[in-house]
Each structure stands twice: as C-alpha cells, then as structure tokens.
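Worksheet: one structure, shown below.
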Amino acid sequence: MDFPEGFLWGTATASYQIEGAADEDGRGASIWDTFSHTPGKVLHGDTGDIACDHYHRLEEDLDLMADLGMRAYRFSVAWPRIQPDGVGSANQKGLDFYRRLVDGLRRRNIEPMLTLYHWDLPQALEDRGGWRSRETSGRFAEYAGIVYEALSDSVSYWITLNEPWVAAWLGYGYGGHAPGLKDPGAALSATHHLLLGHGLAMERMRAASDDNHLGITLNLHPALPGRDRDVDREAARRVDGQANRLYLDPLFRGSYPEDVLSYYRGRGADLSFVRDEDLRKIAAPIDFLGVNYYFRHTVRDAPDEVHSQEPFSDLRARPIVPHAAEKTAMGWPVDPEGLTEMLVRIKDEYADLPLYVTENGRAVHDYVDPTGEVKDEERISYLDAHFRAARGAMERGVDLRGYLVWSFLDNFEWAEGYSKRFGLVFVDYGTQKRTPKASARWYSGVIRRGGLEEPAR
Ligand code: FCB
C-alpha cells in the first residue's frame, strides 16, 4: 500500500514534555511548572523540570531522528523561553535554542513543523487571567510575531495552537490540566480567546511574509451514541458540538455552532466576550489543518452527572469505553475507523484543504527486555491500522499530505507524568538512555519503502 512521493512522514513532540532545563537560559515559569509542582495534580508529583533533558541532548536526539530516516519533525516552542513573562522583547538565548534546532533539522534534511503554543503559557499571563482574558490573545500574536521574524526563513510549516479544546476544557473547564480551573464558563471564554489569538497571530504572520504554510492543529473525535436510543444520540450530538464543531465552525464558517451556544446560554453562560469582528479574524483562510486523532468518543446520556466536573458532565454526557474494544495503556480504545471518518468529514462538511495528521500514536506498557530490546508489537499494529485508515481517506479524495507519529521519545504525559509511554524511542529517565523500540525500526522501513507491506499487521 503506497503513499505519494513527498508525503511528510515524521514524529511529533512538545516543549514541556521533553525539554527539561526548566530554569535555564532565562526561561520563565509556565502554567505547567506551577501545576506540576502543586501536590496532587500530576501522578507521583512528576514535573517537566528534567523530562527527557532534550534541551541538553539536542544534537544526539537529532542524530537519532536522522538515523531512523524521519522526513519531518513537529516540535513546539516554549513561550516562556522567548518571553519569560509573556510580554516584551525576546530573550535571545531562547531564540538561539530553536535556531539550533531548526538548523540541525535542515542539515539532516528533516522538515521542521513548528507549533507556537503547546500549552505552556507563561505563568505571568495566567496571573492576569490567562486565556480567560482578551489581553492574552493579543500577547500571543506578539509572541508569534517574534518567533516568526526569527525563524520564518527556515521553517515552512507553522501551527499556531495545539488542541485548543484541551487547553480550554481540560485546563479551565474540568481541571485535569494546567491551570486547573473547573468552570465551563471559563472554558468557553478560553476557547474564544485561544481562537482569537490564532486569528491575530495568522494576521501578523501573513503580513510579515506569505511564503510559508500556516495552520492550526485540532484534536478531533467523532462522537458515537453508547446505545441505539435517542437520548444517547442527543448526548453524542452535544459532545460533538463542544469537542469538534465549537472549533471547526468558527475556523471554517466564521460562526459558533448555535446549538452549543444556546445550550450554554440556557445554563446561564455570559458570552459577551465574543465581538462581531472576532469571527472574521478567526475564519481567515488557513493553508492546512493539522488533525490529532486518538479515538472516537462513545457517550451515554447522563442527566445525573451534571455537577461531577468530569469531562462532558456539564453536557449531561458520560464517555464510556466499549467492552469489546482493545485498549491502550491510557485506557483509550483502539479505533482506526474514526480516523477515516473524521478526515472525510472535514473534506465533506468543511473544506477540501491540505490536511496533516499532526499526532497519532498509542501508549504501551513498554519495557526493555533482557536482550536489550523493546518489542512493542502493539504499537506496530496500531500504527499499521491507522496508516491504512489514513490511506482509505485519501482514496476517498482527502488531500492528506503527511503523518506525524506521537511521539518521537517517551515523555512527560501531562497529568499522567512519566507513567505513560508513547515514544517510538524508549527513554530510561534515570540515565536518559535512548533505545529505539521495534516500532521505530518498523516505521523506518515504512518511510524507506513509502508504504505498507501486505498483509496488515
Ligand atoms: C495530545 C497532546 C500530546 C500528547 C498526546 C498523547 O492530546 O497534544 O501532547 O499528550 O495527546
């Protein structure tokens, strides 16, 4: 099963999850530093202080990436390395690190794909309201302008935000991520200010130079009813509204979905932070959409859960994992069909534009066995199935241009700390030794051949 010549095969990471060096070279504190250092927020009290020590091991990590034959690398820039307090002039040492990274990729013929915001908001901005405040949207555009000016000559692919749903709803709505608020109204305002920040950043980057590809990454999850009954279908529709359409509609249609707004208005939400001209900015054309896909939500109507503060409880919906599903080490169902479904839906319902799978992968209970190997067969069959699902979408006309596997290295998995391993490369955190897993070798072969072998794994 072949993929087109020039298809961008690679891996993805994020600054806070791998860099470490939390106090180095003038980096300021981010909301994830504060959150991870707050007892009880992250499993085992793990923090990103050291993480994969990638900041100090940049060259050897890039060598390994090149040895594995990667064609592209999606990474994120830590805003507090560039503006320690989220405002003002750039910290040159912060920019220097990403310059070394980008030049190192170019020297090795690996295409850089840069994400400006993968959740590490400067704490100083959170102290002034964070994404609940309109001011943060403007600050984000200024920061984007600084990074763009420094690196736009060498980076062709720019992603403004990673997964605004997660930043807004897990961060401000349900509390499992930094900054840890549990207030759906705050999540709605964070959603709007994140999207407005995206729009303002796009405007600024386009004005500086229009030679590059500019886009955004959403985490998209089709939603299925748990049982074949109307109340579950309605619950699935509410979840689809908050998780998918609340982001896709403003970006591609210039409006928020009316059913979602009226649901929250009915619960007393004040949406006066949305101004008319904002939506025009949010809907300015993008060159590509990044899709992070992990699984479909299966949901049941759950009228009693409305005060539980679990994800989707405010929608009177409860996500379940079907008994029959194979589950990853995160407890997430393995569900490749949902990837085809989502990619085709974007083309049919929103826009026929270039798409990239900017994240997909699974956690496995990986370990180095007595022969020194990590035999992650589960990850190989997972990736094989999802690559086939992506190819299926392409056969149905989807313009998919690349695939970035989450993740290059095992890393700090947010509230799960170091307990969940998503890497193609195993990291022994105590020694920082890197061991490519069987899946890394397998993926190298896929890239070299430009496709998958038959039969499916
Ligand atoms: C996504 C995040 C990424 C990683 C994967 C497993 O939601 O963007 O940082 O944690 O999930």
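Numbers at a glance
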read-out: Over the stretch 188-256, relative contact order from alpha-carbon pairs under 8 Å, at least 6 apart, %; value: 22
read-out: Two-decimal ratio, the stretch 329-381, of alpha-carbon radius of gyration to 2.2 N^0.38 Å; value: 1.61
read-out: Relative contact order computed over the stretch 5-77 (Cα-Cα under 8 Å; 6+ residues apart), in percent; value: 50
read-out: CD proxy at 222 nm, helix term only [per DSSP H run n ≥ 4: -39500 (n - 2.57); per residue of the chain; nearest 500]; value: -10500 deg cm²/dmol
read-out: Convex hull of the stretch 5-126 built on C-alpha atoms - directionally averaged projected area, nm²; value: 8.0
read-out: Reachable lysines from K420, criterion Cα separation under 26 angstrom, eight or more residues apart if same chain; value: K41, K182, K327, K375, K433, K437
read-out: Förster radius 60 Å - calculated FRET efficiency between E454 and D25, Cβ distance, rounded to 0.05; value: 0.75
read-out: Convex hull (Cα only) mean projected area of the stretch 391-457, reported in nm² to one decimal; value: 6.3
read-out: Contour minus Cα-Cα distance for T435 and E59 (0.36 nm per residue); value: 133.8 nm
read-out: Within-11-Å neighbourhood charge of A325 [Cβ basis; K, R +1; D, E -1]; value: 0
read-out: Neighbourhood charge, 12 Å Cβ-Cβ cut-off, centred on A363 and excluding it, Lys, Arg +1 and Asp, Glu -1; value: -1
read-out: Kirkwood estimate for the stretch 189-320, i.e. one over the average of 1/r between Cα atoms, Å; value: 16.0
read-out: Distance from the stretch 214-247 to the stretch 124-183 (C-alpha centre basis), Å; value: 23
read-out: Solvent exposure of the stretch 87-129 as accessible area per residue, Å², 1.4 Å probe; value: 39
read-out: Test item: Cα-centred dipole of the stretch 41-165, Lys/Arg +1 and Asp/Glu -1 on Cβ, debye; value: 280
read-out: Cα-based Rg and Dmax for the stretch 218-273, where Dmax is the largest Cα-Cα distance (Å); value: 12.3, 38
read-out: Potential lengthening between R253 and A269 on full extension [0.36 nm per residue; Cα-Cα distance subtracted]; value: 3.5 nm
read-out: DSSP H segments from the chain that extend 18 Å or more along their own axis, Cα-based, with Kyte-Doolittle mean of 0.0 or above; value: 184-208
read-out: Global geometry of the stretch 249-358, whether rounded, prolate or oblate, following the gyration tensor of its Cα atoms and the 1.5 cut on a/c; value: oblate
read-out: Local net charge near A456, Cβ-Cβ under 10 Å (Lys/Arg +1, Asp/Glu -1); value: -1
read-out: Overall dimensions of the stretch 122-263 by Cα: Rg and Dmax, Å; value: 16.6, 54
read-out: Cα pair distances in the stretch 376-418, grouped into 5 Å bins until the bin that holds the longest one, percent each; value: 6, 17, 21, 19, 17, 12, 7, 3
read-out: Kirkwood Rh and Cα Rg combined as Rg/Rh, the stretch 310-457; value: 1.00
read-out: Coordinate range along principal axes, alpha carbons of the stretch 191-256, Å, largest first; value: 52, 19, 16
read-out: Within the stretch 86-180, trypsin sites (Lys or Arg not before Pro) in DSSP loop having at most 16 other beta-carbon neighbours inside 10 Å; value: R108, R128
read-out: Intensity falloff of the chain expressed as log10 I(q)/I(0), Debye formula with alpha-carbon point scatterers, at q = 0.07, 0.12, 0.13 Å⁻¹; value: -0.32, -1.03, -1.25
read-out: Cβ-Cβ FRET estimate between K375 and D304, R0 fixed at 45 Å, reported to 0.05; value: 0.50
read-out: For the stretch 151-226, radius of gyration divided by Kirkwood radius, i.e. Rg to Rh on alpha-carbons; value: 1.09
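The values are calculated or read from the model by the stated rules, or taken from the named source; none is laboratory data. A quick note: this is a predicted structure, and the numbers were derived from the prediction, not measured. All Cβ positions, glycine included, derive from the backbone under ideal geometry; neighbour counts span all protein chains shown. Surface accessibility is based on the protein's heavy atoms, side chains included, excluding ligands, DNA and RNA. Shrake-Rupley method; radii C 1.70, N 1.55, O 1.52, S 1.80 Å.
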